Amino acid sequence: MNIFRLTGDLSHLAAIIILLLKIWKTRSCAGISGKSQILFALVFTTRYLDLLTSFISLYNTSMKFIYIGCAYATVYMIYAKFKATYDGNHDTFRVEFLVVPIGGLAFLVNHDFSPLEILWTFSIYLESVAILPQLFMISKTGEAETITTHYLFFLGLYRALYLMNWIWRFYFEGFFDMIAIVAGVVQTILYCDFFYLYVTKVLKGKKLSLPA
Amino acid sequence: PQPEGKKDEL
């Protein structure tokens, strides 16, 4: 464990909690893409199946349960509890165009052709594009609530910190995982446009609205 | 390659 991975995990946890609290406190999921949240729940489910097979540490296990629990709670609140506030007309990204090719890619490019490894690879690839429905929805509505932009900021920051963690681990431990690194770079690049708007607008107290 | 084949990252 290093400072980049720890702050990355805490940033990820902060994002997940911010979203959960936003929906719970405002009793509304307006502006939130339910499709992205379904993809994140799928990412955690396919990645954390090793909860059943191996124990790494109390931190590792507890964080996995928290991520999975929060992801499903968020999906439940969007599609069941506060369904009336779900903006389905703007959440129209065709996720099947993501899931199917990524499923195929996970079979072709992986470290080991075993079920757990292929599912892990699928989850790494899927996570890199899972935010697309949310970014697409914001481009369609032309704006985002400020709390939603904080959620996106911490979510984007977490994988950027993981990139630094991988540099650290390569230098100090000789560890690297090319699949995770390439997917992590793609994932972080997808946030660049948002990061620019966040820094130039939201941090200056303005509302995030498009076109910029 | 993963250390001792385990995935220790979240």
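The values are calculated or read from the model by the stated rules, or taken from the named source; none is laboratory data. Computed from a prediction, not measured in an experiment: that's the story for all the values here. Glycine gets a Cβ as well: all are built from the backbone with ideal geometry, and neighbour counts include every protein chain shown.
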- Message: Cβ contacts < 6 Å: first residue within 14 Å of residue A:10 (Cβ to Cβ) and hydrophobic (A, V, I, L, M, F, W, C), restricted to the range A:147-159; second residue at pLDDT 95 or above and assigned to a helix (DSSP H, G or I), any location; separation 6+ or different chain. Result?
- Response: A:153/A:198; A:154/A:11; A:154/A:14; A:154/A:15; A:155/A:15; A:157/A:11
- Query: Restricting attention to the range A:152-191, and to residues there that are of a type in the set (A, V, I, L, M, F, W, C) and not in a helix (DSSP H, G or I), which single residue is surrounded by the most Cβ atoms within 10 Å (Cβ to Cβ)?
  - Reply: A:175
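Picking from A:60, A:110, which residue would you name as being polar (S, T, N, Q) and in contact (Cβ under 8 Å) with a residue 60 or more places away in the chain?
Unique residue meeting the criteria: A:110.
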- Item | Filter result for the condition that a residue is assigned to a helix (DSSP H, G or I) and either touching a strand residue (DSSP E or B) at 6+ places or on another chain (Cβ under 9 Å) or under 22 Å from residue A:64 (Cα atoms) (or both), over A:128, A:139 | A:128
- Given the conditions (1) part of a loop (DSSP other than H, G, I, E, B); (2) in contact (Cβ under 8 Å) with a residue 12 or more places away in the chain, and given that residue A:74 satisfies all but one, which numbered condition is not satisfied? (1)
- Message: Just checking, does the range A:56-64 include any residue being assigned to a loop (DSSP other than H, G, I, E, B) and among the charged types (D, E, K, R)?
- Response: no
- Task: Output the residues belonging to the range A:170-212 that are out of contact with any strand residue (DSSP E or B) (no Cβ under 8 Å at 6 or more places or on another chain) and β-branched (Val, Ile, Thr).
- Result: A:179, A:181, A:182, A:185, A:186, A:188, A:189, A:199, A:200
